[in-house]
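Enquirer: Have a look at the structure that comes next, please.
We did not get these values from a lab; they are worked out from the coordinates using the rules stated. Values in this document were obtained by computation on a predicted structure and should not be read as measured data. A quick note on method: Cβ atoms are made from the backbone with ideal geometry, for glycine too, and the neighbour counts reach across all protein chains shown.
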Amino acid sequence: MDEFEEILQDFLIEAFELIEQLDQDLVELETRPEDLELLNRIFRVAHTIKGASSFLNFDILTHLTHHMENLLNMARHGDLIIDPNVMDVILESIDLMKALLVRIRDSGSDAGLEVLGCVERLDAVANGEVAEAASELLVEIVETATDEIDYSQMSDEEVEAEIERLLAEKNAEAAAKRSNTTKQPTIEIEKEEPDYSSMSDEEVDAEIERLILEKQAEDATKRSSKQAVPVAPIVVPVPQPKPVAAAPAPAPAPRKSEPKEEGESKSGGTVEQTIRVDVKRLDHLMNLIGELVLGKNRLIKINDDVEERYEGEAFLEELNQVVSIVSLVTTDLQIAVMKTRMLPIGKVFNKFPRMIRDLSRELNKKIELEIAGEDTELDKSIVEEIGDPLVHIIRNSCDHGIETPETRLAAGKEEMGTIHLKAYHEGNHIVIQIIDDGKGLDAEMLKMKSIEKGIITEKEADLMSEKEAFGLIFRPGFSTAAQVTSVSGRGVGMDVVKTNIEKLNGMIDIDSEVGRGTSMKLKIPLTLAIIQALLVGVQEEYYAIPLASVLETVRISKDDIYTVENRSVMRLRDEVLSLVHIGDIFEVERVFDNSEHAYVVVLGLAESKIGLIVDTLIGQEEIVIKSLGEYLKGIEGIAGATIRGDGGVTLIVDVAALMQMAKSVKSTVGNTGKEVKKIGVKNTPSDYCVMVVDDSKTDRTIMRKSLESMGITLVEAVDGVEALGILKQGEHFFDAMLIDIEMPRMDGYTLAAEIKKYNKYKNLPLIAVTSRSGKADRMRGVESGMVEYITKPYSPDYLMNVVKRNIKFNEGL
Amino acid sequence: MSEKLQQIINKQNRALVGDDKKIDEVIQLVGFIVGEEEFSIPILSIQEIIKPIPWTRVPQTPSYILGVFNLRGSVIPLIDLRSRFGLEVQKHTEETRFIVMKSGDDVAGFVIDRLTEAIRMPKHDIGPAPETISEAESMIDGVGKQADRIVTILKVHKLLERNF
């Protein structure tokens, strides 16, 4: 039983691989019906699947593929000309075959799917005579099938009309089929299926034997034709080696699905070039490599420290060597493992020719798809995620981009619209470009529609650049289609594109020109688990930003920041970039005052951009993404954590979430003066708190006595250092400070300057109480941030009044 | 053969169940102080106890979540039990420890003021939690009575439950 399971798994994997290639081949076949090599390839797929499925007792599948094989065989021998109608039937049967395979994968059996109708149509197309017994609908098809010769003589209009008629017919037929699918399913299949199910064991063996022989002969001819490559072009329909682009050669396929053969074919001496590996094992390997990378980072850090401490010692040389070897090997290993997970993007691209064909027939447009760079490789997990967005973009291009043939002709363009699908590497990214030569995006029209649908306000629209307006197509609920068709118009698709690309940390760049077409550029990182990150600092915290989302970093001065409608913005070349401080997003308490300069990290994600203000830029580092675990998952703005070289944990910024948060965050950029005071309600005089800083006990006592009558809280410090310590502790919130200038350890001026470095104390009134009364001293006092200057000696009342004025005593009571 | 085997297995199972009963009667707990009170948790729910190490603050979380720290390559949340229990936050001292607790797949570190001792407590000495607190909300599993003191036993799974 287990053995059977194994065979089945192999069979399914092979079959799906074969089918993937099939779609593309079929569409190609339609344009080049005489291409024997293509036909042979398609025929072989049907044949292989038929052989294997009969061996595995999937009767329905065998039945279907048998008839497909028949039809294709006729075409191969030139008895049948492949035209769009024949193609429709073939494509339908392929779809059915896929559905059957999916069913087998999920439930282990191919029962329950209706193939009869399709088989009948296959037969009908194949030969007119047999079909007479079939239903009326089928007769019609037979007619079209026998009529086929006429097409070549028909005029364009006639063909057009004919297609029109066929389409209508097909629709009616599909409807009819739907209505009676439930009635006549299984019984007939049994009747049709005498060959395999009723066969005796010996007969089955004989059949297998035959298939094996056939296969071997095929292989042999293939090998021989490989050796003598250019000699014999197309003399007989001999299977030829596939062109380079074709991914998995079908040759090893049947060998796996028919394991009985395995022993025999091994004697043939072919060497296995590939092995199949469970993805889980690769994932595990990738995790281990992740740990190794962290270890490497740590080792490098320790090496640096050691180098500093034991400079010039002999063993350092050796340590250095070891560390560099380890880091080199780790990097190579990481790349090697990453490569094992890479798949060609062709896997995704393959389904598009078929999709374009179907769409162009559905929409009555003429569209050609040109694919380039399908060999470009990227991580498996990304290949899986990228399919959906591409489908939506291409559908969009077909539906909204490419115009109808008449419009195109009227606009002086070629009747045939073209969509280019390109993939190529750019640094650590893969770029996928979708270019159409359709009508392009009209920024003004997009804005208008968005206002109409309430997605943006008119004011917002006025401020929008052309690029931003193009970005509107990604907003949920946006649609320019006047009517909802089966293809588009619900305003969902492009939203999906954006979400998926964001999930991959990718970027979208749209370029468009009215009347000329649209180009959409998706830029996606090659892998997800280990990434390059930019480390930034804010106050005493560090954050890692995925480098994939970083467009550039700029150093600006405070004066470059403007405020527009309560948002901070800056001018970056010819663009206006909105700014947000990382501290506002992550609730970082800003103890230190930021200097006159700030760094702006320009972040780009999907189609939007934002400037993130940080205090410091630390540098670029390779980081491994770790989850924060169940307890802390889903924290807004945090994508995960990583462990740095020093063993500390650094949080990774979730750029997509950050952009969302930036919209609602209350900005404090640029208006550092208006800090938010946490003043408690002052109910009694003792809620007011004043610090007295003086090195002389006598002076402190005098001040205390003068202020005692007010009933306010007084805290004493003997010098600047102690005063600063008390402030830092944060036990009291001071309303004012009385500061002596002449003090040991730290004098009053220095203390004042230190205090003013703290954002929190920007507005704390500092009152100098000193015997120095020179003008220069006063000037110095003002420079260091003192607001009042009291010269000793003073009257208690005077001191009290000054203090009262500065702490706004009584106003709050 | 299979019958014989079954008999042996049955016998072993019975023996195991018997053993369990004996062990079950005494619970091993680890006691620690948070604020003024002594608490304890079952020793089996403790992964390890470590001295304080640096941690990283995580934004957008309640104040009792100090952040995350690195425990030999795993990123683990750190929760301050003092502020979790609504007590005033204090500076860490020489005696402060992180207790890393686990329940199923959930792991988190908890800051406690100091450890007391490992306690072996017979099951019959453990009373139910005070009834004033609703059963579902309570973090208290029971109250253990000892000769000279009372020890509150905490529900580890409740401590590890995210409640924000």
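Enquirer: Among the trypsin sites (Lys or Arg not before Pro) in segment B:34-86, which ones are in a DSSP loop with at most 16 other Cβ atoms within 10 Å of the Cβ? Mind listing them?
Expert: Those satisfying the criteria are B:72.
Enquirer: Pop out the ³J(HN,Hα) list for segment A:110-118 in order, Karplus 6.51 cos²θ - 1.76 cosθ + 1.60 with θ = phi - 60°, rounded to Hz; leave Gly and Pro as x.
Expert: 9, 6, x, 10, 7, 10, 4, x, 5
Enquirer: With labels modelled as points extended 7 Å from the Cα through the Cβ direction, what inter-label distance (nm, one decimal) is found for residue A:102 paired with residue B:72?
Expert: Between residue A:102 and residue B:72, the simple spin-label model gives 4.7 nm.
Enquirer: Taking the DSSP beta bridges in segment A:531-664 as the whole, what percent of them are antiparallel, to the nearest 5?
Expert: Once the DSSP bridges in segment A:531-664 are tallied, antiparallel ones form about 90 percent.
Enquirer: Between residue A:805 and residue A:83, with labels modelled 7 Å along Cα→Cβ, what's the label distance in nm to one decimal, could you check?
Expert: 10.3
Enquirer: Is the shape of segment A:344-525 rounded, prolate or oblate, going by the alpha carbon gyration tensor and its root eigenvalues a ≥ b ≥ c, with a/c under 1.5 for rounded and a/b larger than b/c for prolate?
Expert: Working: a/c = 1.71, a/b = 1.15, b/c = 1.49.
Oblate, since a/c reaches 1.5 and b/c is not below a/b.
Enquirer: I would also like to ask the following. Report the net charge of residues surrounding residue A:624, where surrounding means a beta-carbon distance below 11 angstrom and charges are Lys +1, Arg +1, Asp -1, Glu -1.
Expert: So the environment of residue A:624 carries a net charge of 0.
Enquirer: Tell me the angle of helix B:2-24 to the major Cα principal axis of chain B, expressed in degrees between 0 and 90 and rounded to the nearest ten.
Expert: Rounded to the nearest ten degrees, it is 40.
Enquirer: Okay, moving on. Please list, in order along segment B:31-41, the HN-Hα scalar couplings obtained from phi with the Karplus expression 6.51 cos²θ - 1.76 cosθ + 1.60 (θ = phi - 60°), rounded to whole Hz, x for Gly and Pro.
Expert: Working through the residues one at a time gives x, 8, 9, 10, x, 9, 9, 9, 10, 8, 9 Hz.
Enquirer: Then there's this: Output the peptides A:697-704, A:569-576 sorted from most to least packed, where packing is the average of other Cβ atoms within 10 Å over each peptide's residues.
Expert: Sorting A:697-704, A:569-576 by mean packing, highest first, produces A:697-704, A:569-576.
Enquirer: Sticking with this one: For segment A:434-450, what does the Karplus curve 6.51 cos²θ - 1.76 cosθ + 1.60, with θ = phi - 60°, yield as ³J(HN,Hα) per residue in whole Hz, taken in order and with x for Gly and Pro?
Expert: For segment A:434-450, the Karplus curve yields 10, 10, 10, 9, x, 7, x, 9, 9, 4, 4, 5, 4, 4, 4, 4, 5 Hz.
Enquirer: Give the long-range amide H neighbours of residue B:129: residues separated by 5 or more places, or on another chain, with amide H under 5 Å away, using H modelled in the peptide plane at 1.01 Å from N.
Expert: B:143
Enquirer: Right, next: State whether segment A:685-807 is rounded, prolate or oblate according to the following rule on the C-alpha gyration tensor (a ≥ b ≥ c being the square roots of its eigenvalues): a/c under 1.5 gives rounded; otherwise a/b larger than b/c gives prolate, and the remaining case gives oblate.
Expert: Rounded, because the longest to shortest axis ratio a/c is under 1.5.
Enquirer: Which far-off residues, 5 or more places away or on another chain, put their amide H under 5 Å from the one on residue A:628, with H placed in the peptide plane?
Expert: Here A:641 satisfy the definition.
Enquirer: Using modelled amide H (1.01 Å from N, peptide plane; none on Pro or chain starts), what sits under 5 Å from the amide H of residue A:572, excluding residues fewer than 5 places away?
Expert: A:577
Enquirer: To continue, here is another question. Based on the Cβ-Cβ distance of residue B:88 and residue A:316, what FRET efficiency does E = 1/(1 + (r/R0)^6) give at R0 = 51 Å, to the nearest 0.05?
Expert: Using R0 = 51 Å, I get an efficiency of 0.55.
Enquirer: Let me ask something additional. Return the distance in nm (one decimal) between the two label points of a simple spin-label model at residue A:513 and residue B:36, each offset 7 Å from Cα along Cα→Cβ.
Expert: A separation of 8.0 nm, rounded to one decimal place.
Enquirer: Of A:558/A:728; A:365/A:422; A:296/B:158; A:762/B:51; B:4/B:123; A:380/A:447, which pairs sit farther than 29 Å apart, going by alpha carbon to alpha carbon?
Expert: Those over the limit are A:296/B:158; A:762/B:51; B:4/B:123; A:380/A:447.
Enquirer: Report the local net charge at residue B:87: Lys and Arg +1, Asp and Glu -1, summed over other residues whose C-beta lies under 12 Å from its C-beta.
Expert: -3
Enquirer: While we're on this one: Along each of the three principal axes of the Cα atoms of segment B:26-159, give the extent in whole Å, ordering the values from largest to smallest.
Expert: In descending order, the Cα extents are 42, 30, 28 Å.
Enquirer: Using a 10 Å cut-off around each Cβ of peptide B:74-81, what is the average number of partner chain Cβ atoms that fall inside?
Expert: That average works out to 4.
Enquirer: Can you figure out the FRET efficiency of residue B:143 with residue A:5, using R₀ = 45 Å and their beta-carbon distance, to the nearest 0.05?
Expert: 0.20
Enquirer: Just tell me how shielded A:635-645 is by partners: mean number of partner chain Cβ atoms within 10 Å of each residue's Cβ, no decimals.
Expert: Shielding by partners across A:635-645 averages 3.
Enquirer: Rounded if a/c is under 1.5, else prolate if a/b is larger than b/c, else oblate: which is segment A:526-616, with a ≥ b ≥ c the root eigenvalues of its Cα gyration tensor? Mind dumping the intermediate values first?
Expert: On the way: a/c = 1.96, a/b = 1.19, b/c = 1.64.
Oblate, because a/c is 1.5 or more while a/b does not exceed b/c.
Enquirer: Separate question: Calculate the mean, over all residues of peptide A:541-549, of how many other protein chain Cβ atoms lie within 10 angstrom of the residue's Cβ.
Expert: Other-chain Cβ atoms within 10 Å of each residue's Cβ, averaged: 1.
Enquirer: What translational diffusion coefficient, in µm²/s and rounded to a whole number, does the Stokes-Einstein relation yield for segment A:430-471 at 20 °C and a viscosity of 1.002 mPa s, taking the hydrodynamic radius as the Kirkwood radius over Cα pairs?
Expert: 186
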